[in-house]
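Colleague: Below you'll find the structure I mean.
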Amino acid sequence: MRPRWMAAAGLAALAATACSGDPSDVTAEELVGLWGVISLVYTSQADPSVRADLVAAGAIYSLRLVSGGTYESRLSGPSVAMDVESGEYDVRGRMLLLTPAGRAQRSLTLRFNESLLTLHEADTAWDFDGDGSAEAAALDMVLDRF
């Protein structure tokens with residue numbers, strides 16, 4: 001497991017620095033495909049030293065972006081209940097906009113380079129202490145195109 005995380009850290013650094021071109025040039029069609037998670041980390045806004053590393057805890061996440069603007073995401077694992085979300089998506093500049101059916105739109109900052117997609121959601125929530133109440137958090141993901 002340790003070598004995978006060293007590779008994930010390297011890929012995250014690569015994704016942050018190796019994106020070529022202006023991110024505003026990314027189109028929704030360029031992101032079409034199936035993406036699998038390399039890294040998925042929630043960080044507490046109240047205390048940035050508190051983090052939930054879902055992949056290290058055994059979670060699996062995938063994001064399928066379909067031509068025409070629909071998507072489906074799946075999150076599962078021993079530390080999380082199975083969650084399937086679907087809706088519509090769009091890309092505007094550096095933002096990936098996800099609009100889940102029946103829920104509010106989510107805005108994620110994106111970086112993209114052919115095979116890696118890095119997403120950051122500044123205002124989300126996660127139940128860090130397992131008490132059933134989600135706390136304010138930021139989400140960072142690195143995904144690899146299948």
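Since every read-out is calculated from the coordinates, none of them should be taken as a lab result. In this text the structure is predicted, and so the values were computed from the model without any measurement. With ideal geometry, Cβ positions are generated from the backbone for all residues, glycine too; neighbour counts draw on all protein chains shown.
Colleague: Based on the Cα gyration tensor of the range 38-126, what are the three equivalent ellipsoid semi-axes, each the root of five times an eigenvalue, rounded to whole Å and given largest first?
Modeller: On the way: eigenvalues 93, 51, 39 Å².
For the range 38-126, the ellipsoid semi-axes come out as 22, 16, 14 Å.
Colleague: Using the Karplus curve 6.51 cos²θ - 1.76 cosθ + 1.60 with θ = phi - 60°, work out ³J(HN,Hα) for each residue of the range 120-134 in order, rounded to whole Hz, and write x for Gly and Pro.
Modeller: 9, 10, 6, 10, 9, 8, 8, 8, 5, 9, x, 8, x, 10, 7
Colleague: Taking amide H atoms as placed 1.01 Å from N in the peptide plane, list the residues 5 or more away in sequence, or in a different chain, whose amide H sits under 5 Å from that of GLU135.
Modeller: TRP126, ASP127, PHE128
Colleague: Send over the per residue convex hull volume for the range 59-107, Cα only, as a whole number of Å³.
Modeller: Values: hull volume 4.1 nm³, N = 49.
Dividing the Cα hull volume of the range 59-107 by its residue count gives 83 Å³.
Colleague: Tell me, what is a quarter of the convex hull surface for the C-alpha atoms of the range 92-146, in nm² with one decimal? Walk me through the intermediate numbers first.
Modeller: Working: hull surface 20.4 nm².
In nm², the orientation-averaged hull projection of the range 92-146 is 5.1.
Colleague: Counting only other residues whose beta carbon sits under 9 Å from that of VAL41, what net charge do I get with K and R as +1, D and E as -1?
Modeller: -1
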